[in-house]
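Presented below is the structure to which this report refers.
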Amino acid sequence: MAQIVIFKKPLTGLGREAILAVGYLGRLFLFFLRGFLLAFQPPFQFDKVRQQIYFIGMKSVFVICLTAGFTGMVLGLQGYYALVKYGSTSALGSAVALSLVREMGPVLTAIMVIARAGSAMAAEIGIMRISEQIDALETMDIDPMRYLISPRVAAALICFPLLTALFDVVGLYGGYLSGSVLLGVNPAFYFARAQSSVEMADIVGGFLKSLVFAAIVVAICCYQGYYTHTRAEFGAKGVSQSTTSAVVISCVLILVADYVLTTFLM
């Protein structure tokens, strides 16, 4: 009897955590859905959307290009030494291009945007919550979701595919730099194989992933900041915890979503 009780306790805890996780995902989805729908209802906030596009998109261009360049160089280097064993170095362009377009581009773009913009969104909204600025908006009969969340949702859905495309292009030239310029692969073969191997389905799949990742990032980061006041810790410590949770949960869910999407898109 004691063994049965001991065996049931871990299962009880596991079931409780699973129910909490499903509940969290449900609240997250409804939070994102409300922010998404409010973006299409007048009055439209074009100025705020433009500001968020600049913050999420333009200010991320440098880190995206830097990450993409070195990622492409590493892929070109590793791909060359893997393919040279089989005398297939002419296929280096295909390996680099498909790796970037299908997987590395959307995933690393999302992670870089989380590190630069997602954490800032969570911290900014969290500070607004604990300083009662969100309560002040409600007092003035201004919907905080429309004012704070909807512009960020719209901007993220616009910026993520564009940043992903930029990552793919810069990464492809990074692979050219290490594979062709440094290691001597014929540039004509490199770009010809890259062009012939990438199909429209691969590009569409990469953009679809970027849109899903945009929804995940903006929903989690805004949600964590918006509900900072529900944490056990209050003040600066609560904002710190919300920001950390936003980054960690976003990165984990992006990897999970990438696996799920890859399963259906293959």
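Of all residues in the range 184-242 being among the aromatic types (Phe, Trp, Tyr) and more than 24 Å from Leu253 (Cβ to Cβ), which is surrounded by the fewest Cβ atoms within 10 Å (Cβ to Cβ)? Restricting to residues being among the aromatic types (Phe, Trp, Tyr) and more than 24 Å from Leu253 (Cβ to Cβ), the top hit is Phe234.
The sole residue among Gly35, Gly15, Gly69 that is assigned to a helix (DSSP H, G or I) and either surrounded by 20 or more Cβ atoms within 10 Å (Cβ to Cβ) or in contact with a strand residue (DSSP E or B) (Cβ under 8 Å, 6 or more places away or on another chain) (or both) is Gly35. Of everything in the range 113-132, what is in contact (Cβ under 8 Å) with a residue 12 or more places away in the chain and over 25 Å from Ala68 (Cβ atoms)? Give them in sequence order. Answer for the range 113-132, where residues must be in contact (Cβ under 8 Å) with a residue 12 or more places away in the chain and over 25 Å from Ala68 (Cβ atoms): Ala123, Glu124, Ile125, Gly126, Ile127, Met128, Arg129, Ile130. Kindly indicate the residue of the range 21-32 that is buried (at least 18 other Cβ atoms within 10 Å of the Cβ) and under 17 Å from the mean Cα position of the chain (by Cα) and also farthest from Gln224 (Cα to Cα) among those meeting that condition. Restricting to residues being buried (at least 18 other Cβ atoms within 10 Å of the Cβ) and under 17 Å from the mean Cα position of the chain (by Cα), the top hit is Phe32.
Would you point out which residue out of Val74, Val107, Val113 is of a type outside the set (D, E, K, R), closer than 26 Å to Val248 by Cα, at pLDDT 90 or above and over 21 Å from the mean Cα position of the chain (by Cα)? Give the derivation first.
Working: Val107 fails: over 21 Å from the mean Cα position of the chain (by Cα); Val113 fails: over 21 Å from the mean Cα position of the chain (by Cα).
Only one candidate qualifies: Val74.
Hey, can you tell me all the residues within the range 38-56 that are aromatic (Phe, Trp, Tyr) and either assigned to a helix (DSSP H, G or I) or loosely packed, with under 13 Cβ neighbours inside 10 Å (or both)? Even if it seems obvious, please write down each step before you answer.
Pass one, the range 38-56, residues aromatic (Phe, Trp, Tyr): 40, 44, 46, 54-55.
Of everything in the range 38-56, those that are aromatic (Phe, Trp, Tyr) and either assigned to a helix (DSSP H, G or I) or loosely packed, with under 13 Cβ neighbours inside 10 Å (or both) turn out to be Phe40, Phe46, Tyr54, Phe55.
The values are calculated or read from the model by the stated rules, or taken from the named source; none is laboratory data. Computed from a predicted model, the values in this text were never measured in an experiment. Counting neighbours? That spans all protein chains shown, and the Cβs are built from the backbone with ideal geometry, glycine included.
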